[in-house]
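Okay, structure first, notes after.
The values are calculated or read from the model by the stated rules, or taken from the named source; none is laboratory data. Predicted model only: the values in this text are computed from it and were never measured. Virtual Cβ from ideal backbone geometry, glycine too; neighbours counted across all protein chains shown.
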Amino acid sequence: EVMPTLDMALFDWTDYEDLKPEV
Amino acid sequence: NAALGREVLASSTCGRPATRACDASDPRRAHPAALLTSAGGPASPLCWRSDLLPRAPLNVTLTVSLGKAFELVFVSLRFCSAPPASVALLKSQDHGRSWTPLAFFSSYCGLDYGRLPAPVDGLAGPGPEALCFPAPQAQPDGGGLLAFSVQDGSPPGLDLDSSPVLQDWVTATDIRIVLTRPAMLGDTRDAEAMVPYSYSAMELQVGGRCKCNGHASRCLLDTQGQLICDCRHGTEGPDCGRCKPFYCDRPWQRATAREAHTCLACSCNSHARRCRFNMELYRLSGRRSGGVCLNCRHNTAGRHCHYCREGFYRDPGRALSDRHACRACDCHPVGAAGKTCNQTTGQCPCKDGVTGLTCNRCASGFQQSRSPVAPCVKTP
């Protein structure tokens with residue numbers, strides 16, 4: 001089974017703003 | 001003849017001011033030092049002549065620059081008049097900055113040079129040295145020949161290939177002949193005995209070969225007109241005396257008849273243009289390789305640019321020398337626990353529940369969460 005790639009839009013960065021990668 | 005065509009500097013030459021016998025401004029009556037090394041040779045009737053030397057010191061020096069280092073075989077000077085009673089022969093290895101004696105020729109070794117006459121039964125010491133030989137004899141034609149062979153000051157049995165001392169002994173960039181005492185005058189400290197005198201010679205020869213340390217078979221004139229070796233074996237310099245910049249995998253050595261001692265190029269897999277030599281690594285390798293590549297490009301690293309730098313991994317489908325041999329890890333910014341992948345496989349370190357070479361997918365039995373800290377959670 002091939003899983004879909006992680007969807008960056010689904011992540012909630014509210015508590016992790018400092019970890020958010022630059023796009 | 002390394003002196004052929006080279007300029008000779010004489011500390012004294014007749015004709016300035018002009019006399020009846022010598023006029024520097026009249027080619028028919030001039031006796032310049034250039035005659036000593038011109039192609040005319042002994043067939044030429046013209047001689048260099050010093051000024052009249054009425055009183056001590058009667059030293060006159062003849063200096064010829066060879067333009068580069070030569071390995072001497074002999075030096076000779078043919079006199080037009082009776083040869084001097086004392087002559088010192090010097091060499092320079094640094095283009096005239098310093099001088100060392102090669103030999104002395106005198107009937108007064110102790111008086112003129114503070115030396116004992118050369119022993120007739122060979123050298124006392126183990127290495128070459130400047131000895132004091134008898135002064136050249138006058139020939140029936142009134143002239144005379146000063147002749148010196150490098151063997152004259154060197155113990156028998158020394159081999160040029162294997163003896164650095166002998167290599168040093170025969171190496172010269174310049175030759176200087178100091179005519180110290182005229183013939184016939186005896187002890188020139190006796191003012192009563194002195195009469196005006198001049199030295200006169202016709203041909204100066206410096207037998208030798210262009211010194212290239214065994215790494216060239218010919219010498220050429222460069223764009224500035226300087227004589228240089230046509231270096232091979234990965235060497236460079238006027239005398240092939242050093243390795244070319246990228247050829248430093250082992251130390252420079254003089255070539256011998258048996259071994260070329262080629263300077264070897266560093267092994268950098270086409271990823272570096274410069275390298276340096278490390279003696280410790282060379283010793284540790286059993287004296288085989290000491291080159292260390294500098295500024296490895298194309299994301300490579302290591303002494304030979306033989307592995308990928310951090311954040312890159314080897315593409316197994318490309319040769320090590322390929323400029324794309326190292327690929328970026330490209331670890332997923334959320335799914336991977338770091339940015340550095342396995343340099344061989346390219347596998348990034350994945351967080352729990354994450355899989356894939358770059359950690360960009362949830363593993364089987366996991367699903368994506370909204371938390372960037374734990375991007376994949378077990379499927380309920």
For the stretch B:315-322, check the following and say yes or no: at least one residue is touching a His at 6+ places or on another chain (Cβ under 8 Å), more than 28 Å from residue A:10 (Cα to Cα), away from chain A (no Cβ under 14 Å) and basic (Lys, Arg). yes
Collect the residues in the stretch B:74-86 that are more than 18 Å from residue B:141 (Cα to Cα) and modelled with pLDDT of 95 or more, keeping them in residue-number order. B:74, B:75
Answer yes if at least one residue in the stretch B:100-122 is among the basic types (Lys, Arg) and at pLDDT 95 or above, and no otherwise. no
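Checking the conditions here, which among B:231, B:266, B:275 is under 21 Å from residue B:171 (Cα atoms), of a type outside the set (A, V, I, L, M) and either part of a loop (DSSP other than H, G, I, E, B) or touching a residue at least 12 places away in the same chain (Cβ under 8 Å) (or both)?
Every option except B:231 fails the conditions.
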Look through the stretch B:166-193, keep the residues that are over 14 Å from residue B:72 (Cα atoms) and surrounded by fewer than 16 Cβ atoms within 10 Å (Cβ to Cβ), and return whichever of them is modelled with the highest pLDDT. B:184
Residues of the stretch A:5-23 satisfying the condition of being over 8 Å from the mean Cα position of the chain (by Cα), of a type outside the set (Phe, Trp, Tyr) and facing chain B (nearest Cβ under 7 Å): A:5, A:19, A:21
Return a yes/no flag: does the stretch B:279-287 have any residue that is of a type in the set (Phe, Trp, Tyr) and in a helix (DSSP H, G or I). yes
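Any idea how many residues of the stretch B:323-380 are among the aliphatic types (A, V, I, L, M), buried (at least 20 other Cβ atoms within 10 Å of the Cβ) and more than 11 Å from every other protein chain (Cβ to nearest Cβ)?
At the first step, the residues of the stretch B:323-380 found to be among the aliphatic types (A, V, I, L, M) are B:325, B:328, B:334, B:336-337, B:354, B:357, B:363, B:373-374, B:377.
Those still in the list that are buried (at least 20 other Cβ atoms within 10 Å of the Cβ) too: B:325, B:334, B:336, B:354.
This time we only want the ones that are more than 11 Å from every other protein chain (Cβ to nearest Cβ), so: B:325.
The qualifying residues number 1.
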Can you tell me how many residues in the stretch B:139-152 are under 23 Å from the mean Cα position of the chain (by Cα) and surrounded by 17 or more Cβ atoms within 10 Å (Cβ to Cβ)? 1
Looking at (1) farther than 30 Å from residue A:19 by Cβ; (2) among the aliphatic types (A, V, I, L, M); (3) crowded, with 17+ Cβ neighbours inside 10 Å, can you tell me which one residue B:294 breaks? (3)
If you go through the stretch B:1-35, how many residues are closer than 16 Å to residue B:176 by Cα and either in contact with a helix residue (DSSP H, G or I) (Cβ under 6 Å, 6 or more places away or on another chain) or among the β-branched types (Val, Ile, Thr) (or both)? 3
